[in-house]
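Here's the structure, in structure tokens; my notes come after.
The values are calculated or read from the model by the stated rules, or taken from the named source; none is laboratory data. This one's a predicted model, so the numbers in the text were calculated from it and none came from an experiment. Counting neighbours? That spans all protein chains shown, and the Cβs are built from the backbone with ideal geometry, glycine included. Areas reflect the complete protein model, heavy atoms only, side chains present, ligands, DNA and RNA absent. Shrake-Rupley method; radii C 1.70, N 1.55, O 1.52, S 1.80 Å.
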Amino acid sequence: MLRARIAVLVSGGGTNLQALINAEKSGLLRDGEIALVISNVDGAYALERARMAEIETLTLLKKELGGRAAFEARLQEELEAHGIDLIILAGFLSILSADFTAKWPGRIINVHPALIPSFCGKGFYGLKVHEAALAYGVKVTGATVHFVNEIPDGGRIIAQKAVEVQDGDTPEILQKRVMQEAEWVILPQAAQTVSKAIVEGKA
Ligand code: GAR
């Protein structure tokens, strides 16, 4: 295999997807190619970013398909049909079942906007994570990239980067700083590391 074929799963604005696209363009992500972007939210701006980069897109809606099992069955079909080697959850705000994650051991990675094991698990996603960090009063937060298994945010950690909380931070301001200083840095790096391992037959 020359390059690992990557599917990026998204639900929202897609700034992490953009960081991956930029990394592929710049050559930082050289052992993987983004072959497909799948959204579980209709009209997510991430889809627009994919189209601008001429990447194939798909929208799969749980409701339309008839629930989680049907959604995951279709997802699996599409991933197989596209010859996907690695799944990257980049702001994908839905939990995948144990049945699904068991089919992709060591082949799904996720970016989480906190330093796991803090502020993670079920119910901790998006802005809620930063609201919780500010409410607790931590002075340092950050981002984590980890493998995905059956435990939400529980898989082996690949990379983490710390970010300072500053006086007067709102959840939105903190979210932006964590993205800029941590997520957009460690997610492309981790994508490259895991893609390389796949290409070399070590994963
Ligand atoms: C990111 O901060 C990502 O870490 C977070 O959602 C945001 C999506 O932004 N993901 C989670 O909270 C997963 N538990 P984006 O669509 O601009 O990449």
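Observations
- Tally, over the range 22-56, of residues that are within 16 Å of the ligand (Cβ to nearest atom), open to solvent by 20 Å² or more (accessible area, probe 1.4 Å) and more than 16 Å from L86 (Cα to Cα): 11
- Filtered by the rule that a residue be among the hydrophobic types (A, V, I, L, M, F, W, C) and under 15 Å from S39 (Cβ atoms), the range 64-108 gives L65, F71, L75, L79, I87, I88, L89, A90, F92, L93, L96.
- Condition broken by T141, with the remaining ones in (1) open to solvent by 20 Å² or more (accessible area, probe 1.4 Å); (2) at pLDDT 95 or above satisfied: (1)
- Qualifying positions in the range 116-138 - among the basic types (K, R) and at pLDDT 95 or above: K128
- Test: residue in the range 64-71 that is open to solvent by 30 Å² or more (accessible area, probe 1.4 Å), modelled with pLDDT under 95 and of a type outside the set (D, E, K, R): no
- Residues of the range 98-151 satisfying the condition of being over 25 Å from A203 (Cβ atoms) and of a type in the set (S, T, Y): S118, Y125, Y136, T141
- Checking S195 against (1) open to solvent by 10 Å² or more (accessible area, probe 1.4 Å); (2) more than 11 Å from the ligand (Cβ to nearest atom); (3) under 30 Å from R30 (Cβ atoms), the condition it does not meet: (1)
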